[in-house]
Amino acid sequence: MAEKPSVVLLGTGGPRPDPSRDGPATLIRFGGDNLLFDTGRGVVKQLVRAGVAPAEVNPVFVTHHHYDHIGDLHDVILSSWLAGRQQALRIFGPPETRRIVNALLTQIYDKDIEFRDQGEPAIGGWKPVEVTEIGAGPVWESAKWRVSAEYVVHGHGLDLPPAFRRRWVCLGYRFECAAGVIAISGDTIECDGLHRLAQDADILVQCCYLADAEIIDESTRRLAKLTLACGDTVGKIAARANVRTLVLTHFRQKDAAMLDTLAAEVRRDFAGRLVVGADLMSVEL
Ligand SMILES: [Zn+2]
């Protein structure tokens, strides 16, 4: 039987601190490889809880530069090194990812790195980070899998200056192997890029921030329309793309009843297998 990948939801929350959900981070495990998508609050602790050695994570794929998605990128870089990472850590992300990583390495944690590199020889010296800035298209592949990216739409219709909008590049990712396809929506509303990512996917890990019942005023209406897909569209997106298993993630904090309401809204539009994500849940292909 062919080896199958699994998805581990490391963090299913959003930017607002939620006692029951860490920040956005999703792991694909396949054939000894651990591919990490986003590095939100608590990601390293969650890796350890999931039984994944931080040194074994590689590569890292960044969807966009909101702080809930890259807030613990430094922790992934430094903790993987401290835990014995021997290879360069590969990081893929939108333009300006290199500037962010360089700031972490040369302006924020430069003393920490020099301290451990020079002062603690048992660690074995600094292990570098290799950043590749990407757009839509093929990203990286191994002998057994390949990852591609698509542009997604995440707040591009807000009243932002054109110069900022050009810099605001947001990506979703598609993982393919012989056993099947896993799509990671990133933060997005319904858009062409998301449809291409998700088309015929065995698993779509999809942001789903609010239940329709939480969309109650101008601000939440704008959010659902322009920034993050919610219960009113997520089921339709998955149905249209012919997704087999839809995994919901990136929730604003809500009680169990509201989460049930959200799931019921999505089920109205999507007849496939629905998984309401929770931290450390593993979803098999
Ligand atoms: Zn975002």
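The values are calculated or read from the model by the stated rules, or taken from the named source; none is laboratory data. Since we're looking at a predicted model, the values are computed, not measured. Virtual Cβ from ideal backbone geometry, glycine too; neighbours counted across all protein chains shown.
So which residues in the range 153-208 are within 21 Å of residue 224 (Cα to Cα) and either among the acidic types (Asp, Glu) or touching an Asp or Glu at 6+ places or on another chain (Cβ under 6 Å) (or both), if there are any at all?
154, 159, 172, 187, 190, 192, 193, 196, 197, 207, listed by residue number.
Take the residues of the range 56-81 that are in a helix (DSSP H, G or I) and farther than 14 Å from residue 44 by Cβ: which is farthest from the ligand (Cβ to nearest atom)?
Initially, the range 56-81 is screened for residues in a helix (DSSP H, G or I), giving 56, 67-70, 73-81.
In the following step, the residues that additionally are farther than 14 Å from residue 44 by Cβ were identified as 67-69.
Details: 67: 9, 68: 6, 69: 6 Å.
The selected residue is 67.
Rundown of residues vs (1) over 17 Å from the mean Cα position of the chain (by Cα); (2) of a type outside the set (S, T, N, Q); (3) within 30 Å of residue 203 (Cβ to Cβ), yes/no style:
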{"residue": "87", "(1), (2), (3)": "yes, no, yes"}
{"residue": "105", "(1), (2), (3)": "yes, yes, no"}
{"residue": "109", "(1), (2), (3)": "yes, yes, no"}
{"residue": "114", "(1), (2), (3)": "yes, yes, no"}
{"residue": "118", "(1), (2), (3)": "yes, no, no"}
{"residue": "125", "(1), (2), (3)": "yes, yes, no"}
{"residue": "139", "(1), (2), (3)": "no, yes, yes"}
{"residue": "143", "(1), (2), (3)": "yes, yes, yes"}
{"residue": "146", "(1), (2), (3)": "no, yes, yes"}
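Can you name the number of the only condition in (1) in contact with a Lys or Arg (Cβ under 6 Å, 6 or more places away or on another chain); (2) of a type outside the set (Asp, Glu); (3) within 16 Å of the ligand (Cβ to nearest atom) that residue 6 fails?
(3)
Can you run down the residue pairs with Cβ atoms below 8 Å, 6 or more apart or on separate chains, where the first is in the range 59-78 and closer than 11 Å to residue 37 by Cβ and among the β-branched types (Val, Ile, Thr) and the partner is away from the ligand (no atom under 11 Å from the Cβ) and part of a helix (DSSP H, G or I)?
60/73; 60/76; 62/73; 62/97
Quick test for you: out of 264, 238, pick the one residue that is more than 16 Å from the ligand (Cβ to nearest atom), over 20 Å from the mean Cα position of the chain (by Cα) and either of a type outside the set (A, V, I, L, M) or assigned to a helix (DSSP H, G or I) (or both). Even if it seems obvious, please write down each step before you answer.
Working: 238 fails: over 20 Å from the mean Cα position of the chain (by Cα).
The conditions single out 264.
Taking the range 167-188, which residues are in a loop (DSSP other than H, G, I, E, B), buried (at least 24 other Cβ atoms within 10 Å of the Cβ) and of a type in the set (Val, Ile, Thr)?
Scanning the range 167-188 gives a single hit, 188.
Among the residues of the range 166-187, which ones are more than 16 Å from the ligand (Cβ to nearest atom) and either touching a residue at least 40 places away in the same chain (Cβ under 8 Å) or β-branched (Val, Ile, Thr) (or both)? Don't jump to the end; show me each part of the working.
Residues of the range 166-187 more than 16 Å from the ligand (Cβ to nearest atom): 166, 174-183.
Across the range 166-187, the qualifying residues are 175, 177, 178, 179, 180, 181, 182, 183.
Does the range 50-60 contain at least one residue that is over 21 Å from residue 194 (Cβ atoms), touching a Gly at 6+ places or on another chain (Cβ under 6 Å) and at pLDDT 95 or above?
Within the range 50-60 (the criterion being over 21 Å from residue 194 (Cβ atoms), touching a Gly at 6+ places or on another chain (Cβ under 6 Å) and at pLDDT 95 or above), the answer is yes, since at least one residue qualifies.
Specify which of the listed residues (210, 280, 246) is hydrophobic (A, V, I, L, M, F, W, C) and not in a loop (DSSP other than H, G, I, E, B).
Details: 210 fails: not in a loop (DSSP other than H, G, I, E, B); 280 fails: not in a loop (DSSP other than H, G, I, E, B).
Criteria check complete, one pass: 246.
Report the residue count in the range 200-235 for those that are touching a helix residue (DSSP H, G or I) at 6+ places or on another chain (Cβ under 9 Å), polar (S, T, N, Q) and more than 15 Å from the ligand (Cβ to nearest atom).
Start the filter on the range 200-235 by keeping residues that are touching a helix residue (DSSP H, G or I) at 6+ places or on another chain (Cβ under 9 Å), which leaves 201, 204, 206-215, 220, 224, 229-235.
With the extra rule that they be polar (S, T, N, Q), the set shrinks to 206, 220, 233.
Now drop any that are not more than 15 Å from the ligand (Cβ to nearest atom), which leaves 220, 233.
Looking only at that region, the number is 2.
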